[in-house]
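Sharing a structure with you now.
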Amino acid sequence: MRIGLACNVKPADPPGHLPEDAFEEFDSPDAVAQIRDAIASFGHDVPVLAAGPGIVDAVREERPDFVFNLAEGTGGRCREAHVPALLELLGIPYAGSDPLTLCVTLDKPVAKRLVASERFPTPAFRTCRDVSDAEAVDLPFPVIVKPAFEGSSKGVRLASRATTDGALREMVRFVTERYGQEAIVEAFVPGPEVTVGIVGNGSGARVLGMMEIVPKTMSNDTFVYSLEVKRDWENQVSYRVPPALPAAVLAELSRCALGIYRLLGCRDFSRIDFRVDRDGVPQFIECNPLPGLCPGYGDLPIMAGAVGIPHRALIGEILGHALARHGMVPA
Ligand SMILES: Nc1ncnc2c1ncn2[C@@H]1O[C@H](COP(=O)(O)OP(=O)(O)O)[C@@H](O)[C@H]1O
Ligand SMILES: [Mg+2]
């Protein structure tokens, strides 16, 4: 089969006026090559489709039977939906979630409202359009201030955890002015951080693994899996699979993750982030229907490796679920 790999590749020479993490979500050329090789190893031709405006022509020229979508897109809170929407328009089947799920999950306030509506716990939050809105935030400290629609810790620093009015204002200013979007201000949950990997569809959706992100240089009370931490992850964190948490908490993490996966309409694979509060309750932080798949770096491949699923098998499993969903291979 001819399987296009839609992706955004990190530019070699990013423009200096943009934030240092402007291209954080994009894949390195090396990651793209490894994912392409993994797909090709199942006997497919794999043209790479660069997910800029040129993808419209590239799809027509390459004529893929199917697309494996990694594209994070550029610009705005619908950016992750652009490639899947185009593929739907052209009638080309693809792996992963559909445009609505990709939009809803990228916008953290929208995702949290939906998740809360089904009574899955998620930290209380407010949104700020600019720094003047920070005055009205009535949450107890500490809080965390994040861009409303980014990923890969873009716009998230250790300083995003704010404990004073002044720090809150400063971080709301940083997010709204530097990232050109609303800030979400959330109650900070100081407990263990766990990310849950899910694969499959319908009644076959299952938890692939759960991984605790354990800070090496600070306690969970102040830990933020921030840009600084992710870029220096070997020194800053260790990964624990399964998390060192009571069985009842693990069961609740699994229940919430699968419930949220279904509620948000995720398909084929996703990774859902939680922090566990002082009462042992998993608090939903965010859902990633396009989690990084870079071997050895992305949290999902690291977790898969820890449960005995090598990178090639992980890619094969995701592709298998996606093709089966389209009736293109036996389930
Ligand atoms: N409410 C919160 N309480 C505690 N830590 C949080 C909270 N929200 C985010 N964080 C920390 O910030 C990190 C990045 O936030 P997240 O919402 O997952 O953004 P991204 O989409 O960039 O991954 C999380 O992995 C977690 O460490
Ligand atoms: Mg996250």
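Remind me, what semi-axes does region 124-187 give for its equivalent ellipsoid, largest first in whole Å, using sqrt of 5 times each Cα gyration tensor eigenvalue?
Numbers: eigenvalues 48, 30, 21 Å².
The three semi-axes for region 124-187 are 16, 12, 10 Å.
Continuing with this model, one more query. When you count, for each residue, the other Cβ atoms within 10 Å and take the mean per peptide, how do 74-82, 205-213 rank with the highest first?
In decreasing order of mean packing, 74-82, 205-213 become 205-213, 74-82.
Note down the net charge around Glu72, summing +1 for each Lys or Arg and -1 for each Asp or Glu among other residues with Cβ under 15 Å from its Cβ.
Charge balance near Glu72 sits at -3.
According to the Kirkwood expression over distinct Cα-Cα pairs, how big is the hydrodynamic radius of the chain, in Å?
20.3 Å
Order of 225-235, 95-105 by packing, highest average Cβ count within 10 Å first?
Top of the packing list down: 95-105, 225-235.
Within the chain, what percent of beta bridges assigned by DSSP are antiparallel, to the nearest 5?
Values: 35 of 46 bridges.
About 75 percent, rounded to the nearest 5.
Can you give me the long-range amide H partners of Ile285? Hydrogens built in the peptide plane at 1.01 Å from N, cutoff under 5 Å, separation of 5 or more residues or another chain.
Under 5 Å from the amide H of Ile285: Asp273, Phe274, Arg275.
Over 20 Å between Cα atoms: which of Lys146/Lys230; Lys10/Lys108; Lys10/Lys154; Lys112/Lys146; Lys154/Lys230 fall into that group?
Cα-Cα > 20 Å for Lys10/Lys108; rest within.
Another question, then. How big is the shadow of the Cα convex hull of region 59-146, averaged over all directions, in nm²?
Over every viewing direction, the Cα hull of region 59-146 projects on average to 7.9 nm².
How large is log10 of I(q)/I(0) for region 1-131 at q = 0.13, 0.15, 0.22 Å⁻¹ when the intensity is taken from the Debye formula with one equal scatterer per alpha-carbon?
One equal scatterer on each Cα of region 1-131 leads to -0.65, -0.82, -1.28.
Taking springs between alpha-carbon atoms closer than 10 angstrom, which of Ala136, Ala306, Ala257 fluctuates most in the Gaussian network model of the chain?
In the Gaussian network model the winner is Ala136.
If amide hydrogens are placed 1.01 Å from N in the peptide plane, which non-local residues have theirs closer than 5 Å to the one on Gly191?
Those qualifying (amide H under 5 Å, at least 5 residues apart or on another chain) are Val276.
So which aspartates and glutamates pass the test for Lys216, namely a Cα distance under 20 Å, with those fewer than 8 places away in the same chain ruled out?
Glu193, Glu228, Asp232, Glu234, Asp273, Asp277, Asp299
Any read-out appearing in this document is the output of simple, stated calculations on the displayed coordinates, not a laboratory observation. Since this is a predicted model, take the numbers as computed values, not measurements. Glycine gets a Cβ as well: all are built from the backbone with ideal geometry, and neighbour counts include every protein chain shown.
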